[in-house]
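> Below you will find the structure I want to go over with you.
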2 protein chains.
Amino acid sequence: MRIKAVLFDAYGTLFDVHSVIALAESLFPRRGAALSQAWRSRQLEYTWLRTLSNRYRDFWQVTGDALTWSAQSLQLPLTPAQHAQLLDAYLHLQPFPENIEVLRRLHASGVVLGTLSNGTAAMLDAAIDSAGMHGLFTHVLSVDSIGRYKTDPGAYKLGTGALDAPANEIAFVSSNCWDAIGATWFGYRTFWVNRGNAPMDQLDTSPEGIGSSLRDLPQFLARIGA
Amino acid sequence: MRIKAVLFDAYGTLFDVHSVIALAESLFPRRGAALSQAWRSRQLEYTWLRTLSNRYRDFWQVTGDALTWSAQSLQLPLTPAQHAQLLDAYLHLQPFPENIEVLRRLHASGVVLGTLSNGTAAMLDAAIDSAGMHGLFTHVLSVDSIGRYKTDPGAYKLGTGALDAPANEIAFVSSNCWDAIGATWFGYRTFWVNRGNAPMDQLDTSPEGIGSSLRDLPQFLARIGA
């Protein structure tokens, strides 16, 4: 068995969602980090609730809704212009520093790369271009095509469908522990990029490999036969 | 049309999940509130993820798992005995102060009451007894019977099934905004007990009624015809 491709989560894994903190700080001094944290956690919560209740709205909408709630919750007087400015930052999030080099090296060595993300195609295309990752990904897969967010099995199935391969011949990489575990449940060969040295989520299973940055990925891939 | 019954969420609505703070504080001075917050939010997250991925474990297990993660995340050295002590507190959570009086009044006036909860039957029975609510609920409905947590429609369907009535003839009461909205999506007549004056979740819909404590419920019920 050979690993056919490596799929990456986008937000939090390829792109640093907390790179909006600087902008948030400039708008709301000393509250930028709190706004970013609340925004991100509510964004995920809304994806899970909407999928459970079969009430899909795309990730652009959900991200904007979560921002609105988070600003209200922190009692920050967010104007429509500031809302648009913060949301727009999602189209050009900073990549984590080591990512480009690792992705280029894998791509150059012939590994098929892709992204499997909650984001819409338009959001992903913009962020990939902005991060200088254009041309690295053979597959840019968005849950928007099925209207269900991760960890719904239908979301992960986009990868096996696009690659026409079983899950155990595909590696899946995420910095979100819950996402790496969801992908493990689905059957992928999983690697958790645990950048913040967080404890493992307690969900009866664990990703197959763990590293502290994407630099640790090539060794994992070599071990599983990519 | 007459309202046939009033169903209550249990944790956060009938019982104060943060009544564990005092115990947590005694175990970990000045960290009790942080532990309680992390525990509760991770508990909910695990219910959503497990339901999305069809990996049900009961609420006792999930609550314990979330406690383990939260203590690790806050770097609190939780011993097995302390873990058991905190988890055991879930069996005798304090009711919110006004609850008993309001529930007794509704029950005395002939309104059929029930609870529809993520908790297991054993957890619910213990908490109801401990809170002095024994005999008030005609229906004690646990998602454990179907293995899917709220806001999965199957969870809310337990209410219409038990009462043999359509959702729009049943009132549903929750202090968790996401739960009140999930029940609204399902079709119940919903009342959000917004104890903490939180902003409304941004999910394209809103509960039919809102109050600041359970004292505001009878007026809502009168308005909708209970």
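The values are calculated or read from the model by the stated rules, or taken from the named source; none is laboratory data. Here the structure is a predicted model, which is why all the values come from computation and not from measurement. No Cβ is skipped: glycine too gets one built from the backbone with ideal geometry, and neighbour counts run over all protein chains shown. We work out accessible area using only protein heavy atoms, side chains counted, and drop any ligands, DNA or RNA first. Shrake-Rupley method; radii C 1.70, N 1.55, O 1.52, S 1.80 Å.
> Which FRET efficiency, nearest 0.05, do B:ASP129 and B:ALA34 yield, Cβ-Cβ r, R0 30 Å? Present the calculation step by step, with values, prior to reporting the outcome.
Values: r = 30 Å, r/R0 = 1.00.
About 0.50, to the nearest 0.05.
> Hey, got the dipole for region A:121-226? About the Cα centre, +1 on K and R Cβ, -1 on D and E Cβ, debye to the nearest 20? Working shown, then result.
On the way: 7 positive and 11 negative charges, 35 e Å.
I would put it at about 160 debye.
> Then there is this: For the protein assembly as shown, what size does the Cα cloud have along each of its three principal axes, sorted from largest down, in whole Å?
75, 50, 44
> Per DSSP helix of 4 or more residues, -39500 (n - 2.57); summed, then divided by the residues of chain A. What does that give at 222 nm, rounded to the nearest 500?
Details: 9 runs with 101 residues, N = 226.
For chain A, the value works out to -13500 deg cm²/dmol.
> Which lysines, on any chain, are close to A:LYS157 with Cα under 22 Å apart, when same-chain ones fewer than 8 places away are left out?
Straight-line reach from A:LYS157, under 22 Å: A:LYS4.
> What are the distances, in nm and sorted shortest first, from the label point of A:TRP60 to the label points of the same position in each other copy, with each label point placed 7 Å from Cα along the Cα-to-Cβ direction?
4.9
> Further question: Just flag the trypsin sites (Lys or Arg not before Pro) in region B:1-99 sitting in loop per DSSP whose Cβ has no more than 10 other Cβ atoms within 10 Å. Before the final figure, lay out the partial values.
Values: sites: B:ARG2, B:LYS4, B:ARG30, B:ARG31, B:ARG40, B:ARG42, B:ARG50, B:ARG55, B:ARG57; in loops: B:ARG2, B:LYS4, B:ARG30, B:ARG31, B:ARG55, B:ARG57.
Qualifying residues, ordered by number: B:ARG2, B:ARG30.
> How large a share of the accessible area of chain B, in percent, is made up of carbon and sulfur atoms when the probe is 1.4 Å and the other protein chains stay in place?
On the way: 4370 of 8730 Å².
C and S atoms contribute 50 percent here.
> Then there is this: Do any residues of region A:162-205 lose at least 20 Å² of accessible area when the full set of protein chains is present rather than just their chain alone, and if so which, with a 1.4 Å probe?
A:TRP178, A:TRP185, A:PRO199, A:ASP201, A:GLN202, A:LEU203, A:ASP204
> Quote to one decimal, in nm, the extra length available between B:ILE146 and B:GLN219 on full extension: 0.36 nm per residue of separation minus the C-alpha distance between them. Intermediate results must be reported in sequence, preceding the final value.
On the way: separation 73, 0.36 × 73 = 26.28 nm, distance 3.32 nm.
Computed gain between B:ILE146 and B:GLN219 is 23.0 nm.
> What is the mean projected area of the alpha carbon convex hull for chain A, to one decimal in square nanometres?
Averaging across all directions leaves 12.0 nm² for the Cα convex hull.
> Can you list the residues of region A:43-60 whose accessible area drops by at least 30 Å² going from the chain on its own to the full set of protein chains, with a 1.4 Å probe?
Correct list: A:GLU45, A:TYR46, A:TRP48, A:LEU49, A:ARG50, A:LEU52, A:SER53, A:ARG55.
> On to the next question. Give me log10 I(q)/I(0) at q = 0.13, 0.17 Å⁻¹ for region A:33-162, Debye formula, one equal scatterer per alpha-carbon, no solvent.
-0.62, -0.98
> Using Cα pairs under 8 angstrom and six or more residues apart, how large is the relative contact order of chain B, in percent? Walk me through the numbers before you get to the answer.
On the way: 377 pairs, mean separation 56.6, N = 226.
Relative contact order of chain B: 25 percent.
> Before we go on, tell me the buried accessible area for the B/A pair, both chains summed, 1.4 Å probe, in Å² to the nearest 100.
Numbers: alone 10190 and 10190 Å², together 17470 Å².
Heavy-atom accessible area buried at this interface is about 2900 Å².
> Between rounded, prolate and oblate, where does region A:85-159 land on the alpha carbon gyration tensor, with a ≥ b ≥ c its root eigenvalues, rounded for a/c under 1.5, else prolate if a/b exceeds b/c?
Verdict is oblate for region A:85-159.
> For a distance above 14 Å, tell me the whole-number percent of Cα pairs in region A:18-89 that qualify. Working shown, then result.
Details: 1435 of 2556 pairs.
Of all Cα-Cα distances in region A:18-89, 56 percent exceed 14 Å.
> Let me ask something else. May I ask you to derive the FRET efficiency for A:GLU25 and A:ARG195 from their Cβ-Cβ distance with R0 = 30 Å, giving the value to the nearest 0.05?
Details: r = 20 Å, r/R0 = 0.68.
It comes to 0.90.
> Could you identify the residue of A sitting closest to the A-B rotation axis by Cβ and state that distance rounded to whole angstrom?
Closest to the axis: A:TRP48, 2.
> Shifting gears a bit: Tell me the distances, shortest first, between A:ALA34 and the same position across the other copies, using label points 7 Å along Cα→Cβ, in nm to one decimal.
Values, ascending and in nm: 1.5.
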